[in-house]
Amino acid sequence: MWTVILLICSIPVSGALWAEKYVTGILGRAITIHCHYEARWYQSHTKYWCQGWTRQCNVIATTNRANGRISITDNKTQGIFLVSMKKLQWGDAGWYSCGIDKPGIDPDPMFNVKLHISEEAVSVPGLQFLSRPNVSCSGDSVTISCESARGSLPIHYTWSEKTPSQDSKISDTNKLDLHCQSFTQQHHQYYCTASNTQGTKSSEIVHVSVNNETEKNCWYIIHISSIGQRCICDISSTIPPTTTHSQNTNTISSLSQKQTSEDEASERYDILCFDSLCEMNNIV
């Protein structure tokens, strides 16, 4: 009689904790393992991540104690604790266990997970502005970054410029710095290349249109198709103050005033970004 009552009231270990049994992580990247549990029974219990598949396994992280690259986040409402392992190494492969600390004589609920580490080819690198692109209107420097969202680490990045004869490498980092001193012509085309042991991929083209190509005084428009936008460069601010003062103080005819207005208007450029290049149209 009492035995039957104890079996009904006790919490079964089998089925109380489960996860995906076989998971694959990418070398150098991070992986998150979802360990599900019965929230009504184990919401307030300590959860842990154990290296090994037996009950004598080595506990390497708990909900109360992270361990370097390994940490646990417990979602008590949904009944899931997430095990995060960062910067995966070849030596991380093997058997692990999701576990719940259960005080008393009953065994802890555990579930075995086997982690496999593999390599992966890089994905097409994405581009991003690290500074406001419109500062190029005043000739200031603009930085563009390049990064592959997928692919085993380490990943090596280079920036190159397309030229009629052959492409030339200009940087061995994932950042492209653009400034007036780097331009030798009106139009430039750049691209980023990402490579690892499994392959190489190139980014889309970065188009640069340069006006007033001198080292100390230029402005330029950058266009990236995936970040297409309408850009307006107002270069009227570059007119010397003395010229503006002279126009304001001198008495001029109505015709001259009209001509001056047209000249000032011609100093404003509306840059429309299309799929290939930025096209500059004067505002009338």
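The values are calculated or read from the model by the stated rules, or taken from the named source; none is laboratory data. In this text the structure is predicted, and so the values were computed from the model without any measurement. All Cβ positions, even for glycine, are placed from backbone atoms using ideal geometry, and neighbour counts span all protein chains on display. When the accessible area is computed, the model is the full protein with side chains, heavy atoms only, and any ligands, DNA or RNA have been set aside. Shrake-Rupley method; radii C 1.70, N 1.55, O 1.52, S 1.80 Å.
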When residues of segment 79-96 are filtered for being over 15 Å from S118 (Cα atoms) and part of a strand (DSSP E or B), how many remain? 7
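Tell me yes or no: at least one residue of segment 4-17 is modelled with pLDDT of 95 or more and surrounded by 12 or more Cβ atoms within 10 Å (Cβ to Cβ). Spell out the reasoning first.
Of segment 4-17, the ones modelled with pLDDT of 95 or more are 17.
Imposing the further condition that a residue be surrounded by 12 or more Cβ atoms within 10 Å (Cβ to Cβ) reduces the set to 17.
Yes, that holds for at least one residue.
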For the subset of segment 144-171 comprising residues that are without any contact (Cβ under 8 Å) to a residue 24 or more places away in the chain and part of a strand (DSSP E or B), which member is least open to solvent (accessible area, probe 1.4 Å)? S171
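Working only within segment 172-197, note down all residues that are assigned to a strand (DSSP E or B), under 23 Å from the mean Cα position of the chain (by Cα) and either at pLDDT below 95 or not polar (S, T, N, Q) (or both). I'd like the intermediate steps shown before the answer.
Of segment 172-197, the ones assigned to a strand (DSSP E or B) are 175-178, 187-196.
Imposing the further condition that a residue be under 23 Å from the mean Cα position of the chain (by Cα) reduces the set to 175-178, 189-196.
K175, L176, D177, L178, Y190, Y191, C192, A194 - these are the residues of segment 172-197 that are assigned to a strand (DSSP E or B), under 23 Å from the mean Cα position of the chain (by Cα) and either at pLDDT below 95 or not polar (S, T, N, Q) (or both).
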So T63 ticks every box in (1) open to solvent by less than 50 Å² (accessible area, probe 1.4 Å); (2) at pLDDT below 95 but one. Which box is left unticked? (2)
Any residue in segment 70-82 that's open to solvent by 30 Å² or more (accessible area, probe 1.4 Å): show its pairings with residues that are assigned to a loop (DSSP other than H, G, I, E, B) at Cβ separation under 7 Å, as long as the two are six or more apart or on different chains. D74/T63; K76/Q43
For segment 61-78, which positions are under 14 Å from Y48 (Cβ atoms) and outside any strand (DSSP E or B)? T63, N64, A66
Scan segment 83-117 for residues that are under 26 Å from A149 (Cα atoms) and open to solvent by 30 Å² or more (accessible area, probe 1.4 Å) and jot them down. K86, K87, Q89, W90, G91, A93, K114, H116
